[in-house]
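Here's the structure, in C-alpha cells; my notes come after.
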Amino acid sequence: MSLILEEISVKNEHSFRSKIDVLSHIEVPWHHHPEFELIYIEKSKGTLVVGDCIDHFKDGDMVFIGPNTPHVMKNDDSYYQNKSELKAIAWVVHFREDSFGKEFFLLPEMQKVRQFLIKSFQGIRIEGNSKYKIIQLLKNLHSADYSERIIFLLQILRIISLSDELEYLASKSFVDSFSQSSNHKLYKIYEYVSKNFQDKIELDEAAKVANMSKTAFCRFFKSKTQKTFSEFLNEMRINYAKKLLAEGKLSVSQIAYECGFNSPSYFNKQFKASTGKAPLQLRGHSL
C-alpha cells in the first residue's frame, strides 16, 4: 500500500478538529495530511513510525506531528487477536496553518510558536510537566464552545513552544529529502523499509519496490537523500536500537536481532561507528 493522503473533515461551526477515539485497535495506514496533529495516547501500546524514526508508544504518550510528515501507528499484536478486550483511547487535535487566518502565525507575538511549528515537521514527543499541563487543556478544549476552543489550543501551542521537554523524532535529513521530493518511488521505499527493517533487506528487493535496476536504484536513492541505501537502513535501525537501549528491557544481543542486524558483533560495530559509543554505554540511559 502506498502513502495515503488522509482527508481531515471539520464541522462547519469549527475552524479545527478535536476528537476522542475509542477503538478496539488502531487502524491507520502509512499516511500524511496537510494538518498539524496533536495526539495524546490515553490508553494503547504499539509501534510508531514518524518519517525515518521507529519508536514504541504506550499509555500516556503525547506526540505532535507537522503537516505532510508521513507517519503510522500500529498496536501490538495482542490488540488484533479474536476476543481481545483491549482498547485504544486517543485524544486528537488537527488544525491547519491557516485555521485562524492566513497570516495569524506570522504575527510578532506568535514568533516562538511559529519556530516550533516549523520544527514540528520532524515529529515531536512531549514529556514531563509540559505534557501534564497539556492533558488538562485538552480536556478543557474538548468540552469547550466557541472562542474558548481557540484559546485552549493557543495555550497548548504556547506551552509546547516554550518547553525544553521535547524529543524530535525524524531526522532533519529525512524531512528535507521528503519535502523536496514528489517522487512516489521514494515514498514507497521509505514505507517498505519502515515495515521490514527488522528482517533481512536485500538491495535487490528494495530496487524491485522502486521498479528499478540495482544500479539505477543506488544512483536514484543517493541523489534524493545524500545517503546510500545501506547508510539509510543502518541509521533507521540504530535509531530504533537507541530507544530499546534506553528502555533497558532487552540485552544488547536481543536488541541487535530485534533491529534487523544479523549478528551482535556487526551491530556493535555499526552502532559505535554511528554514535561514537558502544551500545552498553547507552543501555538504560534516557535519550
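Given a cut-off of 21 Å, name the pairs among Lys188/Lys272; Lys172/Lys227; Lys188/Lys222 whose C-alpha atoms lie farther apart than that in the structure shown. Violating the 21 Å limit, Cα to Cα: Lys188/Lys272. Each Cα pair under 8 Å and six or more residues apart adds its separation to the average, and for region 4-168 the resulting relative contact order is 25 percent.
With N denoting the number of residues in region 4-168, provide Rg(C-alpha) divided by 2.2 N^0.38 Å, to two decimal places. Can you show the working numbers first?
On the way: Rg = 15.6 Å, N = 165, 2.2 N^0.38 = 15.3 Å.
Taking the Cα Rg and dividing by 2.2 N^0.38 Å, one obtains 1.02.
For the chain, averaging the sequence separation of C-alpha pairs within contact (under 8 Å, six or more residues apart) and dividing by the residue count gives a relative contact order of 16 percent. Across region 161-230, the relative contact order, built from alpha-carbon pairs under 8 Å that are at least six residues apart, equals 28 percent. From most to least packed by mean Cβ count within 10 Å, the peptides 200-207, 157-164, 88-95 give 88-95, 157-164, 200-207.
The slack in the chain from Leu86 to Leu203, taken as 0.36 nm per residue of separation less the alpha-carbon distance, amounts to 38.3 nm. The residue among Ile89, Tyr168, His32 whose Cα reaches farthest toward the positive pole of the charge dipole of region 4-168, with charges on the beta-carbon of Lys, Arg, Asp and Glu, is Ile89.
Here each label is just a point 7 Å from Cα along the line to Cβ, and for Thr228 and Asp164 those points are 4.0 nm apart. Packing order of peptides 125-133, 9-17, highest average first: 125-133, 9-17 (average count of other Cβ atoms within 10 Å over each peptide's residues).
In terms of its C-alpha gyration tensor, region 169-241 comes out oblate, because a/c is 1.5 or above while a/b does not outweigh b/c. Of the peptides 74-87, 51-64, 238-251, 268-281, the order by per-residue mean of other Cβ atoms within 10 Å, starting with the highest, comes out as 51-64, 238-251, 268-281, 74-87.
Per residue and in cubic angstrom, what volume does the convex hull of the Cα atoms of region 118-194 have?
Working: hull volume 10.5 nm³, N = 77.
Output value, Cα hull per residue: 137 Å³.
Could you size up the charge dipole of region 150-287 around its Cα centre, putting +1 on the beta carbon of Lys and Arg and -1 on that of Asp and Glu, and report it in debye to the nearest 20?
340 debye
The residues Tyr257, Tyr190, when put in order of fewest to most other Cβ atoms within 10 Å, stand as Tyr257, Tyr190.
With both labels modelled 7 Å from their Cα along Cα-to-Cβ, the Lys214 to Ser24 distance reads 4.5 nm. Ranking Leu250, Thr225, Val193 by Cα position along the charge dipole of region 184-282, where only Lys, Arg, Asp and Glu carry charges on their C-beta atoms, puts Thr225 farthest toward the positive end.
Summarising the overall dimensions of region 184-282 from its C-alpha atoms, the Rg and Dmax are 14.2, 41 angstrom. Convex hull volume of the Cα atoms of the chain, normalised per residue: 151 Å³.
So how much slack lies between Glu13 and Asn68, counting 0.36 nm per residue of separation and subtracting their Cα-Cα distance, in nm? If you can, show how the numbers build up before the last one.
Numbers: separation 55, 0.36 × 55 = 19.80 nm, distance 2.48 nm.
So the chain would gain 17.3 nm between Glu13 and Asn68.
Just the projected area, averaged over all directions, of the convex hull on the alpha carbon atoms of region 101-232: how many nm²?
10.9 nm²
Under the rule of -39500 (n - 2.57) per DSSP H run of 4 or more residues, summed and divided by the residues of the chain, what mean residue ellipticity at 222 nm is obtained, to the nearest 500 deg cm²/dmol? Intermediate values should be presented prior to the final figure.
Details: 11 runs with 124 residues, N = 287.
Computed mean residue ellipticity for the chain: -13000 deg cm²/dmol.
Take the alpha carbon atoms of region 1-79, find their center, do the same for region 215-258, and report the distance between the two centers in whole angstrom. The two parts, judged by their Cα centres, are 23 Å apart.
Every read-out reported here was derived from the displayed coordinates using simple, explicitly stated rules and does not represent laboratory data. No experiment lies behind these values; they were computed from the predicted model shown. Quick reminder, even Gly has a Cβ in these numbers, built from the backbone with ideal geometry, and neighbours come from all protein chains shown.
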